[in-house]
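Contents: one structure, followed by commentary.
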Amino acid sequence: MTIFRVVLALLLAAHGVMRIYAKTVDDFGVFLDSRGFLVGTGIAWFLTVFEIAGGICMAFGFLVRWIAAIFMVEIAMGIVLVHAKNGWFVVGHQVGGVEYSVLILVSLLLVAASSKT
């Protein structure tokens with residue numbers, strides 16, 4: 001389970017790193033603004049930094065349940081705001097669906113349930 005937690009955490013951290021590397025944080029903020037969120041760019045930067053810092057902390061076993069819970073909210077919002085309209089599959093029959101996000105959600109739930117912190 002430790003290996004699973006570390007790999008999952010680093011995948012989530014990599015998501016934030018790539019958003020910075022690709023310079024798409026502000027685009028994410030514009031998207032959030034278009035969905036009615038106030039200060040979308042601020043939220044986008046918070047989530048990006050959280051993905052990196054939270055992912056690293058979770059990989060090291062710090063505050064795993066709390067970090068996993070925040071990630072679950074973020075992933076659930078991604079399903080609602082982005083992926084649900086695209087169906088189930090990520091690739092193949094459909095594109096951009098919820099299957100990967102559901103896998104991440106269940107993975108986070110398992111990591112949180114098995115953690116002592």
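The values are calculated or read from the model by the stated rules, or taken from the named source; none is laboratory data. Bear in mind that the values here come from a model prediction, so they are computed numbers and not experimental data. All Cβ positions, glycine included, derive from the backbone under ideal geometry; neighbour counts span all protein chains shown. What goes into the accessible areas is simple: the full protein's heavy atoms, side chains included, and nothing from ligands, DNA or RNA. Shrake-Rupley method; radii C 1.70, N 1.55, O 1.52, S 1.80 Å.
Observations on the model:
- For the stretch 60-106, the share of accessible area belonging to carbon and sulfur comes to 79 percent (1.4 Å probe, ligands and nucleic acids excluded).
- Which of Ala68, Leu81, Val49, positive extreme of dipole for the chain (C-beta unit charges): Ala68
- Look at the alpha carbon pairs under 8 Å that are at least 6 residues apart: their mean separation over the length of the chain gives a relative contact order of 26 percent.
- Per residue accessible area in Å² of the stretch 71-117, where ligands, DNA and RNA are left out and the probe is 1.4 Å: 60 Å²
- Remark: the chain is approximated by an ellipsoid whose semi-axes, taken from the C-alpha gyration tensor as √(5λ), come to 23, 18, 12 Å, largest first.
- Relative to the longest principal axis of the Cα atoms of the chain, helix 25-34 runs at roughly 60 degrees.
- Value of Rg/Rh across the stretch 21-86 [Cα atoms, Kirkwood radius]: 1.01
- Here Val82 and Thr117 are evaluated by their C-beta separation; at R0 = 22 Å the FRET efficiency comes out at 0.15.
- Average accessible surface area per residue within the stretch 1-53, 1.4 Å rolling probe, Å²: 63 Å²
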